[in-house]
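Enquirer: Please see the structure below; I have some questions.
The values are calculated or read from the model by the stated rules, or taken from the named source; none is laboratory data. Computed from a predicted structure; not experimentally measured. Methodologically, a virtual Cβ is constructed for each residue, glycine included, from the backbone with ideal geometry; neighbour enumeration extends over all protein chains shown. Only protein heavy atoms, including side chains, enter the accessible area calculation; ligands, DNA and RNA are left aside. Shrake-Rupley method; radii C 1.70, N 1.55, O 1.52, S 1.80 Å.
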Amino acid sequence: MKQVTVYDIAKEAKVSVATVSRVLNDTAPVRASTREKIEAIMQKYQFQPNANARSLLKKETGIIGVILPDITNPFFPEVFSGAEQEGRESGHTFFLCNTIGLHDKESEFLTIMQEKRVDGILFMGGRINLKDCSPALVQEVVEHSQKIPMVLVNGNLKDSGITRVVTDEYAGTVLAVKHLLDIGHKKIGFIGGQIHMATTAVKIRAYKKTLKDAGFAVREDWILPDSFSVDSGRTQMEALLQLKDRPTAVCCVNDFTAIGAIKAAVEQGLRVPEDISIVGFDDIPLAHHVIPELTTVSQQANNLGRTAVRVLRDLMNKEKVKKVYSLEPELIVRQSTKPHEDK
């Protein structure tokens, strides 16, 4: 049997395609008798408009594109989960693209999204997290944002003017360091994160400033950036523990590195938190399942995703939006930190 289209419905009802569109989307009044006729025909053929029909009728596809750098990092699925929950409430579906951190993949997906005529784009990670992004990479995203509404999530492209939804990572790091200071730690290290990434630079800057404001010197040999993985946290913690004068507490760039740091400390015969306190960042679901449960800073990942979709929806509806929406982080104190006692 031939698939019924909006044109077939319009022809049988002896009305215009625009009238069928108004009934489908309830966008304007339609005479009751005409509406009943159209609805009866749709029921007869069990008509369900597909994405192409929706695009034709409303000039929308109902699809939001999402670009993220690493689907295996629990933080990003948590953000996406919030976005999906919010999008479902407005009838949107999602086209999810995992770039594995490659800029050429980002470029490829941006082009595909334009071809598929997505209604809007959420962009996470990759080039928008670089400390110094090349003008060519910035310009490419700007050009796409001029054709398709776009929101950058937890990132920035300098002078791009693209709307951003972020969690204040600087403030979050301040919370972590102040927590350790407040429970008596004076010797605090920092591990993890790639130095060319803005998130690492922001967190190290906040770490240094908080220590200086508290009257403590910054020890450069206690700052060990590397990457964002569990293995990185383990390796850098091992290096830190080899020092003759080592810290009593460590701030980590994210929860993955914190979990690796805990593993290294335990393998070296130390107890966490009795011998060394460890703080993570992100509050991924795994954070309260490790032993000891991880003290960390929540980026409100789910709320970040929901907020991003709400802002993107406003952009898609051509409503006025702010350039930056900032969420406040929250310190989650669990078992991996405890007051320090001088021995």
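Enquirer: Filter region 220-278 for residues that are closer than 20 Å to residue 185 by Cα and touching a Cys at 6+ places or on another chain (Cβ under 7 Å); which is surrounded by the most Cβ atoms within 10 Å (Cβ to Cβ)?
Expert: 261
Enquirer: Out of all the residues in region 287-315, which are surrounded by fewer than 16 Cβ atoms within 10 Å (Cβ to Cβ) and outside any loop (DSSP other than H, G, I, E, B)?
Expert: Of everything in region 287-315, just one residue is surrounded by fewer than 16 Cβ atoms within 10 Å (Cβ to Cβ) and outside any loop (DSSP other than H, G, I, E, B), namely 288.
Enquirer: Considering every residue within region 208-217, establish whether at least one is under 28 Å from residue 137 (Cβ atoms) and outside any strand (DSSP E or B).
Expert: no
Enquirer: Could I ask something else about it? Six or more apart or on different chains, Cβ atoms under 6 Å: show the pairs whose first residue is in region 215-230 and closer than 25 Å to residue 263 by Cβ and in contact (Cβ under 8 Å) with a residue 24 or more places away in the chain and whose second is in a strand (DSSP E or B) and not aromatic (Phe, Trp, Tyr).
Expert: Cβ pairs passing all conditions: 222/189; 224/191.
Enquirer: Kindly list the number of the only condition in (1) at pLDDT below 95; (2) open to solvent by 70 Å² or more (accessible area, probe 1.4 Å); (3) farther than 30 Å from residue 296 by Cα; (4) not hydrophobic (A, V, I, L, M, F, W, C) that fails for residue 72.
Expert: Of the numbered conditions (1) at pLDDT below 95; (2) open to solvent by 70 Å² or more (accessible area, probe 1.4 Å); (3) farther than 30 Å from residue 296 by Cα; (4) not hydrophobic (A, V, I, L, M, F, W, C), the odd one out for residue 72 is (3).
Enquirer: For region 82-118, which residues satisfy the criterion of being open to solvent by less than 40 Å² (accessible area, probe 1.4 Å) and part of a strand (DSSP E or B)?
Expert: Within region 82-118, just 97 meets the criteria.
Enquirer: Return the pairs, sorted by first residue and then second, in which the second residue is aromatic (Phe, Trp, Tyr) and surrounded by fewer than 24 Cβ atoms within 10 Å (Cβ to Cβ), the first residue lies in region 161-180 and is touching a residue at least 24 places away in the same chain (Cβ under 8 Å), the beta carbons are less than 6 Å apart, and the residues are 6+ apart or on different chains.
Expert: Pairs found: 165/325; 173/207; 177/207.
Enquirer: Name the pairs: first residue in region 90-112 and over 14 Å from residue 148 (Cβ atoms), second residue outside any helix (DSSP H, G or I) and open to solvent by 50 Å² or more (accessible area, probe 1.4 Å), Cβ to Cβ under 7 Å, at least 6 apart or on different chains?
Expert: Filtered contacts from region 90-112: 98/71; 100/70; 101/70.
Enquirer: So, one more: Is it true that some residue in region 316-334 is over 30 Å from residue 247 (Cα atoms), part of a helix (DSSP H, G or I) and of a type in the set (Asp, Glu)?
Expert: no
Enquirer: Can you name the residue in region 192-201 that is outside any strand (DSSP E or B) and over 14 Å from residue 223 (Cβ atoms) and is also most open to solvent (accessible area, probe 1.4 Å) among such residues? Show your work before the answer.
Expert: Here is the first cut: in region 192-201, the residues outside any strand (DSSP E or B) are 192-196, 198-201.
Filter again for over 14 Å from residue 223 (Cβ atoms), leaving 196, 198-199.
Details: 196: 91, 198: 31, 199: 22 Å².
Taking the candidates together, the pick is 196.
Enquirer: Which residues, counting only those in region 119-176, are open to solvent by 40 Å² or more (accessible area, probe 1.4 Å), closer than 20 Å to residue 330 by Cβ and in a helix (DSSP H, G or I)?
Expert: Of everything in region 119-176, those that are open to solvent by 40 Å² or more (accessible area, probe 1.4 Å), closer than 20 Å to residue 330 by Cβ and in a helix (DSSP H, G or I) turn out to be 170, 175.
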